[in-house]
Amino acid sequence: MIEVARNFHIESLRSKIQPVCLILADKDRAKHLYNVSIRLTTGDIDRKLQEIEKQWKSFIPDEPMDYSFYDDNFDAMYKQDERLGKAIGLLALIAFILTCMGIFGLIFQVCINRTKEIGIRKINGASVFEVMMMLSKNLIKLLAIAFVIATPVAWYSMHKWLEGFAYETELSWWIFASAGVIALGITMLTVSLQSWRAATRNPVEALRYE
């Protein structure tokens, strides 16, 4: 019986799908075959391998059976990508922590340098929200500049990495937009506590500050 199956990968996703012939061979034809794919059910793998080896020797007694599992083979294909992903994740976590610390230190210094200005603005009727926006405005500008610079670099790096695959996905704009929104949210969350404390401070104490 001859049939045509749908395309499926037998190699890495970096390679295009190649034609494959799967042969159900009798004992005479099996003498000329040295690669066989067998599907095993779960449980008692050692006993099943022993049975397979016994059948192998009955068909090809002169050749020792050397076997491997498809899941191990596929895992080996992507070990490098897994290591790269873990390294990038670790570096991203370190960069995230350092960035939050830097932003918090920067807004803390800004609040100290503009203490009297904050007091004067509050006496003249500025609301807490207006003071918080005043303190966060420069950081938001810096974030926008960083986003404009980082987006082309990230797009180019991801595009070059995807070029290594035979069938690559498209990079949608919403991926970068989501990254910008998340970065903005993290920045605002980091600066909101310190800026709120500065904005709600008694203006009399601020004017006495030296």
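Checking the cross-link filter: which lysines have an alpha carbon closer than 27 Å to that of Lys160, excluding same-chain neighbours under 8 positions apart? List returned: Lys16, Lys79, Lys86. Taking the longest Cα principal axis of the chain as reference, the axis of helix 45-59 is set at about 40 degrees. Pairing the Cα long axis of helix 79-113 with the longest principal axis of the chain, what angle in degrees results, from 0 to 90 and rounded to the nearest 10? With rounding to tens, the tilt is 0 degrees.
Legend: P(r) of the range 80-208 from all alpha carbon pair distances, 10 Å bins from 0, whole percents, reading 11, 32, 26, 16, 10, 4, 1. Take the Cα of Ala92, step 7 Å toward its Cβ, do the same at Trp173, and the gap between the two points is 2.3 nm.
Glu11 to Val181: FRET efficiency via 1/(1 + (r/R0)^6), r the Cβ-Cβ distance, R0 30 Å, to the nearest 0.05?
Working: r = 38 Å, r/R0 = 1.28.
According to the calculation, E is roughly 0.20.
Relative to the longest principal axis of the Cα atoms of the chain, the long axis of helix 173-199 makes an angle of roughly 30 degrees. With a Förster radius of 25 Å applied to the C-beta separation of Asp44 and Phe74, the computed FRET efficiency comes to 0.65.
Here the label points at Met188 and Ile123, each 7 Å from Cα along the C-beta direction, are separated by 3.2 nm in the simple model. Helical content alone sets the calculated 222 nm signal of the chain at -22500 deg cm²/dmol, taking -39,500 (n - 2.57) per DSSP H segment of four or more residues and averaging over every residue. Modelled spin labels at Tyr156 and Lys57, positioned 7 Å past Cα toward Cβ, are 6.2 nm from each other.
Straight-line cross-link reach from Lys137 at under 29 Å between alpha-carbon atoms covers these lysines, not counting any fewer than eight positions away in the same chain: Lys116, Lys122.
Every number here is computed from the coordinates shown, using simple stated rules; none is lab data. Quick caveat: nothing in here was measured; it's all calculated off a predicted structure. No Cβ is skipped: glycine too gets one built from the backbone with ideal geometry, and neighbour counts run over all protein chains shown.
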